[in-house]
1. Please indicate, with yes or no, whether at least one residue in region 636-649 is in the same structural domain as V573 (by TED's automatic domain parsing), surrounded by fewer than 20 Cβ atoms within 10 Å (Cβ to Cβ) and not in a helix (DSSP H, G or I).
2. Confirm whether G27 is under 16 Å from T95 (Cβ atoms) and either in contact with a helix residue (DSSP H, G or I) (Cβ under 6 Å, 6 or more places away or on another chain) or not assigned by TED's automatic domain parsing to the domain that holds R143 (or both).
3. Going by what's in this entry, would D609 be described as more than 13 Å from ligand 1 (Cβ to nearest atom) and within 55 Å of the chain's Cα centre (by Cα)?
4. Has region 480-497 got at least one residue that is more than 16 Å from ligand 2 (Cβ to nearest atom) and closer than 30 Å to R743 by Cβ?
5. Out of (1) over 60 Å from the mean Cα position of the chain (by Cα); (2) at pLDDT 95 or above; (3) more than 23 Å from T583 (Cβ to Cβ), the odd one out for Q760 is which?
6. If I ask for residues that are closer than 16 Å to V708 by Cβ and polar (S, T, N, Q), which ones from region 643-674 would you list?
7. Can you name the residue in region 650-660 that is in a loop (DSSP other than H, G, I, E, B) and within 16 Å of ligand 3 (Cβ to nearest atom) and, of all such residues, is farthest from the chain's Cα centre (by Cα)?
8. Tell me which residues, restricted to region 343-368, are surrounded by 15 or more Cβ atoms within 10 Å (Cβ to Cβ) and under 25 Å from L435 (Cα atoms).
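The values are calculated or read from the model by the stated rules, or taken from the named source; none is laboratory data. Predicted model, so just to flag it, every value in this text is computed and none were measured. Note that each Cβ is placed from the backbone with ideal geometry, even for glycine, and that neighbours are counted across all protein chains shown.
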Amino acid sequence: MASTAAKSLPAIDYVSIVRSVYKDRRGMLIGAISAGTTAAAAGFSANSRIIFVHAAALIVIGMLRFFDARQFEAAAIADDDAEGASEWEFRATITGCLAGLVYGSWCFSSLIFANDPFAVLASIALSVAALVGVCTRNFGLDRLVTLQIVFVGVPLGAGLFIAGGIYHAILALMIITLMISFRKLAGDVRAILLAAVHGREQASNLAQQLDTALDTMQHGLCMLDGAGVIRVANDRALLAFQSFAPGEWLDQPLSALIAAADEVGFLPRTAAERLIDMVTEQGSGKVLLSLPDAVHFEVTVSSRGDRTVLLFEDISERMRAEERINFMARYDALTGLPNRAYFTDMVATELEDRRNFARGDHAAVMIIDIDDFKHVNDTMGHLVGDKLLAETSVRLRQSLPTRALLARLGGDEFIVYLAGCDTAEALLAHAGTILTAFVTPFNIGGEQLVTNISVGVVEATNLADDLDALMVKADLALYQAKGNGKGQVELFQDAMDTDYRYRQKLKTELRLALETGGLTLNYQPIVDIVTRRVVGCEALARWHHPQLGSIPPSLFIPIAEETGMISEITRWVLQTATAQCMTWPGDISVAVNISARDFRSGNIAEMVDSALKRSGLPPQRLEVEVTETAVIEERDAASKILNALAEQGISIALDDFGTGYSSLSYLQALPFSKLKIDRSFVADLGSPRALKLIANVARLGKDINLIVTAEGVETEAQLEMIATYTKVDQIQGYLFGVPLPARDIAELISRMATPGSPAQKVRHG
Ligand code: C2E
Ligand code: CA
Ligand code: CA
């Protein structure tokens, strides 16, 4: 049966208490021998055989316990072997009880049988002394102490009582009281021991938990004592310290270490000083420590009492993410240039400065646009387009002075802010350098790519202009550069602004015209080159403005395209033209121009359907004219829509052939039924080259079953040459008729239906 000590103590403590019982085996043997010798002396003194027997028993038991203790030592039980210790406790209890019994019985025998004062004195004195030893040595083993006290005390008390006399009785009571107090004393010592053991156990549990917490926490932690010395630090904290001051940190004053790291430049000075202040003042707060190699720690300092705790959080990853987000918000991912927003921010402040300090030096804004970028994107794919943009940004950067601020506005547009140019000439020279940078073709994915740019430049001499105003002006200049044939630099002039304002005015007026019937349609005859009869008419929009007079379509059609009004115009043209065509005899057709913007925003199929339905015109008598540019700009939409129209029997004409890319791939891919050779070729007919060109284009058209029309035929001579040397089928031009109002075209058609009638009659401006 396990003792209370075995149950209430941790194994390690229990084992060590059992060990202590066995420890002083020599002292115990000497005690036993001296007790035995004293008993022997008492035996002589009292001449009592029974006392001799006790003397022998004391020595025998002493030796028994001595050998038991030696065996215990030889057994060498493990520090935590509670079970083994329990067995040895039991053996110690048996031998201890035996010893106690012999002492008790010695006292009893001396009192009852010896009748010798020395024998009585010797037995009682040595028994009480033995009990003192018991209490001091065996206090940890509650059961053993109790049994030994009982085994000594009961016979001793009984002996005294039996010996008789009031004094013996008093002595007996006193001795019993003494023994009870021994027992209690041993109990108290034991309780103190247990409390200490439990306290230590609790403390070690707590320390273990704290250790686990410190080791597993995500942040570095260190605790300073009242003097600012680092007393506790987890591994993460130590690791963090190593990154700015390698060496020993534990038990060192933190401030001194920080100051040393600051000294060698590992820490940003202000942060280091703040941290030292916070620690010395035992305050609280946060400090950001930015170390080399983009390592950042957020240090949280908090103090309580005289303790200060520092928490190190590695926020490098968070900072990197923030930096990335910041970068992404400010820079264009493709080219790495600042984006529009960031550019606007930077230049707005710069312009503000110029205004505030009334600096009149030449600064400028340039807007740069890649010519025909859309074509590259469509024909060569977005990957090539992206590469071209990236390479363009490199060439721009290299051809600009370092002080120039270059950004990507979006799409294929770039913007430059350039300060410190002395004259407009110097400015244009810079722009010229940019242009020359594009002379060398690009090499993208092994392919040579010739690309030009157009540049619009505005000088920022007028301090009242903000960035928006400058950008509008640079845009106007760019627009002009594009209009002048691309690949050019254009410096903003006030006249452009006037033009711009005029265009702005036209924008509002055009809407009004469309709503109030200010637009009309003229029709230009298209004549068969052999029969000289009108086979169709092209519908051409006219705008007569009450104050501004006649506004040419070359001006208002682009405006309509810009504003999106074009689809309403197209719808109106389709309705009007198809209705008009119904009034013409035979199978004369009507041609309607469709613009690029219509493919993007207008619902062409629906507009055509509704026009045909309302007018009752058979689809075979309707023709739509598209330019190459429109088809290129809206390749996918155009292909879908044109195929649908062709399936209904509507003719599709490729307008102005020869002015754009004249790419044969479009002829192949789209359902064209007609090719209209641009009038510039006819105008050039004086040169044999132009004639050859028309002849070859016409042959090519015929070879792929297209009807070929020559536009802009103004003279008999031109007609003669075309008729003789080319396979052109149809003629359109002032020779047979200018675009005429509906009324006049009907008359012309009927007149030309009579063979041999002079077409020249209707030839006027
Ligand atoms: P376009 O489609 O190439 O139309 C033919 C243009 O050539 C017309 O100019 C016509 O007047 C002109 N023209 C015809 N014969 C001769 C000639 O013998 N010599 C010369 N020098 N010119 C001749 P217009 O009417 O000024 O139209 C210009 C352009 O405006 C058109 O070119 C067309 O692209 C566009 N446009 C006109 N009306 C419309 C329309 O209703 N919708 C759309 N989307 N565009 C239109
Ligand atoms: Ca046309
Ligand atoms: Ca044309």
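1. Yes: region 636-649 contains one or more residues that are in the same structural domain as V573 (by TED's automatic domain parsing), surrounded by fewer than 20 Cβ atoms within 10 Å (Cβ to Cβ) and not in a helix (DSSP H, G or I).
2. no
3. yes
4. Scanning region 480-497, I find no residue that is more than 16 Å from ligand 2 (Cβ to nearest atom) and closer than 30 Å to R743 by Cβ, so the answer is no.
5. If we test Q760 against (1) over 60 Å from the mean Cα position of the chain (by Cα); (2) at pLDDT 95 or above; (3) more than 23 Å from T583 (Cβ to Cβ), just (2) comes out false.
6. Within region 643-674, S651, T659, S662, S673 meet the criteria.
7. This residue is G658.
8. Those that are surrounded by 15 or more Cβ atoms within 10 Å (Cβ to Cβ) and under 25 Å from L435 (Cα atoms): F343, T344, V347, H362, A363, A364, V365, M366, I367, I368.
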